[in-house]
1. Roughly what would the spin-label model give for residue 91 and residue 67, points 7 Å off Cα along C-beta, in nm?
2. Describe numerically, in nm with one decimal, the distance between label points set 7 Å from Cα along Cα→Cβ at residue 15 and at residue 76.
3. Quickly rank 30-43, 75-88 as a protection proxy: mean count of other C-beta atoms within 10 Å, highest first.
4. Using 0.36 nm per residue, how much length does the chain from residue 6 to residue 55 gain when fully extended, once their Cα-Cα distance is taken away?
5. For the chain, find the longest principal axis of its Cα atoms and tell me its angle to the long axis of helix 60-76, 0 to 90°, nearest 10.
6. Scale the Cα Rg of the chain by the rule-of-thumb value 2.2 N^0.38 Å and send over the ratio, two decimals.
7. So what is the relative contact order for the chain, in percent, with contacts set as C-alpha pairs under 8 Å and at least six apart?
Ligand code: AMP
Ligand code: ZN
């Protein structure tokens with residue numbers, strides 16, 4: 001399942017360092033190297049899935065696991081007032097690392113976009 005040229009696969013395999021805050025049998029979570037907020041984590045499935053476009057029904061439980069973990073991690077990071085999640089998909093969606101990951105951001109009022 002490991003993609004030899006993938007930076008996140010190398011982090012999952014322990015071949016590259018990361019500032020890890022959580023891991024289990026399905027995902028690892030580490031600090032973004034170029035944080036856009038005081039808390040900026042990346043949740044990365046151990047399996048090399050390129051993006052949301054490549055998800056299949058076999059991944060349903062993995063995705064549910066990821067979503068349910070996010071509020072737990074946010075709380076652990078002291079984000080008691082809420083948090084933002086971002087998933088960039090494909091070049092047109094601003095994806096740079098082509099191994100599915102969820103950004104977890106928070107810690108200051110950084111969000112100007114509101115649906116009112
Ligand atoms: P994107 O693919 O646009 O959703 O974002 C990829 C993210 O991965 C960016 O926010 C980068 O700062 C981050 N990133 C890239 N390489 C590393 C690394 N070695 N360790 C931690 N974060 C990284
Ligand atoms: Zn990968």
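None of the figures in this text is laboratory data; all of them are computed from the coordinates on show. Only a predicted model underlies this, so the values are computations on that prediction, with no experimental measurement involved. Cβ placement follows ideal geometry from the backbone for every residue including glycine, while neighbour counts extend to all protein chains displayed.
1. A separation of 3.0 nm, rounded to one decimal place.
2. The two pseudo-label positions are separated by 2.6 nm.
3. Final packing ranking: 30-43, 75-88.
4. Numbers: separation 49, 0.36 × 49 = 17.64 nm, distance 1.76 nm.
Computed gain between residue 6 and residue 55 is 15.9 nm.
5. Result, in degrees: 40.
6. Values: Rg = 14.1 Å, N = 116, 2.2 N^0.38 = 13.4 Å.
Against the empirical 2.2 N^0.38 Å value, I get 1.05 for the chain.
7. 30 percent
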